[in-house]
C-alpha cells in the first residue's frame with residue numbers, strides 16, 4: 001500500500017484525511033502542520049505520496065513542493081486547496097505537482113486522485 | 001447562494017481545463033492553449049462525454065491509460081477537411097491572375113502548402129501550375145502538416161470522388177488515374193510534390209517561397225498565434241511572393257506586417273521592399 005504524508009495546518013483536517021485514507025487502504029507515513037516540517041519529514045520518511053495543503057504558516061505548500069521536487073524530482077505531490085486559488089494550483093502543476101484536489105472535499109474524489117497519482 | 005455555487009463551478013471547470021491543456025501539451029506536444037478557448041473547451045467536453053468521462057481530468061486519465069485512444073484524440077485535434085480546388089473561383093483567380101505574375105518573374109517556382117492535410121491543396125496547385133508553365137519552369141510544391149498519417153496519405157496521392165468534385169473531366173483525365181473508384185495523381189503532378197512534417201506553431205519556417213497557401217488551418221488559432229504565423233509567412237515569401245488564405249479568414253493588420261492586399265484571399269509581399277538606407281552610389 002502506498003505510504004502517504006499528510007500536510008495541513010488544521011489538525012481536524014489531518015485527522016479527517018488520515019481516517020479517510022486509512023479506510024481507503026493507504027498507509028499513513030506521517031503528518032506535518034506546515035511546509036518546513038513537510039520537507040524534513042519527506043527526507044526522513046520517504047513517503048510514496050504527499051498530500052499538501054497550499055495555505056499554511058511558516059512555509060506554504062508551494063514553497064515546500066518546490067523544495068521537495070528539488071530533493072526528489074520523482075516526488076509525487078498532490079496539492080490541496082480551497083477554490084479561488086486556481087493560480088496557485090497552476091503554479092504548483094508547473095512546478096511539478098502530480099495533481100490537485102479542491103476543498104471542500106468529496107471523499108471518493110480524494111481517494112481516486114491519490115490512487116491515480118500513486119500509480 | 002446560487003451565485004456562489006456558479007462561481008465555484010466556473011473556477012473548478014477553469015482549472016480542469018487548464019490542467020488538461022497542460023497535460024496534453026506535455027504528453028503529445030500539441031498545444032491546445034494556442035486555440036480559442038471557448039470553442040476548444042466545448043469541443044473537449046463533448047469529446048470527454050463521448051468517452052464517458054464527466055470531467056477533463058477523468059478524460060485525461062482515460063487517454064493516458066490507452067495509447068490508441070490518445071493517438072486518435074491527437075489526430076482529431078488536428079483538423080483534416082480538404083478537397084481539390086476548394087473554392088473553385090479562387091483557384092481560377094490563382095491560375096489566371098496570380099500564377100502568371102509569379103511565373104513571369106522566375107524560372108523556378110517554389111510553393112508551400114502549409115497545413116496540407118492529405119494533400120488536396122498541393123495537388124490542386126500542381127495541376128494549375130503544370131497547365132500554366134507549359135514546361136518552361138522548374139516547379140516544386142512542398143506540403144507540410146503535423147499529422148504523419150495525413151502526410152503518408154498525401155504522398156500516396158489517392159483522392160475520393162467527393163475530393164474530386166470540383167475537378168473537370170478534362171483535368172481528371174490528364175492529371176489522374178482512376179483506380180477502383182478512387183483517383184490517383186499521375187507522375188506528371190506527383191513529381192512536383194514533396195511532403196514533410198512541420199508544426200506551424202512550433203517549428204522554424206523555411207524561406208524563399210513564391211507562393212504560400214494556408215487555408216482553413218488557422219480557424220482555431222488565437223489571434224496571437226495567427227499574427228505570429230502571418231509574420232513568419234511574410235518572412236518566408238520572396239519579394240513579390242503571394243500568400244493565399246481561406247474563405248472565412250482575414251489578416252488583421254496585414255499592412256503593418258508589410259503585406260499588400262491583392263484581393264479577398266490573396267496578400268502579396270511587395271516586389272521591391274524599400275527598407276533600410278538607400279545609398280547615393
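Quick look at the numbers
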read-out: Members of region A:74-96 that are in contact with a helix residue (DSSP H, G or I) (Cβ under 9 Å, 6 or more places away or on another chain) and in a helix (DSSP H, G or I); value: A:86, A:88, A:89, A:90, A:91, A:92, A:93, A:94
read-out: Lone qualifier among B:124, B:117 - being assigned by TED's automatic domain parsing to the domain that holds residue B:240 and at pLDDT 95 or above; value: B:124
read-out: Qualifying residues in region A:100-110 (those that are assigned to a helix (DSSP H, G or I) and touching a strand residue (DSSP E or B) at 6+ places or on another chain (Cβ under 8 Å)) - the one farthest from the other protein chains (Cβ to nearest Cβ); value: A:110
read-out: Of the criteria (1) farther than 23 Å from residue B:157 by Cα; (2) in a loop (DSSP other than H, G, I, E, B), which one residue B:102 fails; value: (2)
read-out: Residue in region B:80-97 that is assigned by TED's automatic domain parsing to the domain that holds residue B:245 and in contact with a strand residue (DSSP E or B) (Cβ under 6 Å, 6 or more places away or on another chain) present; value: no
read-out: Options A:77, A:113, A:50; residue that is touching a strand residue (DSSP E or B) at 6+ places or on another chain (Cβ under 8 Å), within 12 Å of chain B (Cβ to nearest Cβ) and buried (at least 16 other Cβ atoms within 10 Å of the Cβ); value: A:113
read-out: Filter pass, residue B:168 being assigned by TED's automatic domain parsing to the domain that holds residue B:97 and farther than 28 Å from residue B:105 by Cα; value: yes
read-out: Flag if residue A:17 is modelled with pLDDT under 95, within 14 Å of chain B (Cβ to nearest Cβ) and in contact with a helix residue (DSSP H, G or I) (Cβ under 9 Å, 6 or more places away or on another chain); value: no
read-out: Test: residue A:97 is without any contact (Cβ under 8 Å) to a residue 60 or more places away in the chain, away from every other protein chain (no Cβ under 14 Å) and closer than 21 Å to residue A:2 by Cβ; value: no
read-out: Listing of helices (runs of 4 or more DSSP H) fully contained in region B:118-192 that carry 2 or more residues being surrounded by fewer than 22 Cβ atoms within 10 Å (Cβ to Cβ) and under 16 Å from the mean Cα position of the chain (by Cα); value: B:148-156
read-out: Any helices (runs of 4 or more DSSP H) falling wholly within region B:23-86 and containing at least 2 residues that are over 16 Å from residue B:147 (Cβ atoms) and within 14 Å of another protein chain (Cβ to nearest Cβ); value: B:56-65
read-out: Residue among B:228, B:196, B:172 that alone is without any contact (Cβ under 8 Å) to a residue 12 or more places away in the chain and more than 25 Å from residue B:93 (Cα to Cα); value: B:228
read-out: Selection count, region A:2-26, where residues are more than 16 Å from residue A:78 (Cβ to Cβ) and touching a strand residue (DSSP E or B) at 6+ places or on another chain (Cβ under 7 Å); value: 2
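Quick grid of which residues meet (1) loosely packed, with under 13 Cβ neighbours inside 10 Å; (2) modelled with pLDDT under 85; (3) within 29 Å of the chain's Cα centre (by Cα):
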{"residue": "B:8", "(1), (2), (3)": "no, yes, no"}
{"residue": "B:11", "(1), (2), (3)": "no, yes, no"}
{"residue": "B:15", "(1), (2), (3)": "no, no, no"}
{"residue": "B:18", "(1), (2), (3)": "no, no, yes"}
{"residue": "B:26", "(1), (2), (3)": "yes, no, yes"}
{"residue": "B:33", "(1), (2), (3)": "no, yes, yes"}
{"residue": "B:36", "(1), (2), (3)": "no, yes, yes"}
{"residue": "B:54", "(1), (2), (3)": "yes, no, no"}
{"residue": "B:60", "(1), (2), (3)": "no, no, yes"}
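The values are calculated or read from the model by the stated rules, or taken from the named source; none is laboratory data. Predicted model, so just to flag it, every value in this text is computed and none were measured. Glycine gets a Cβ as well: all are built from the backbone with ideal geometry, and neighbour counts include every protein chain shown.
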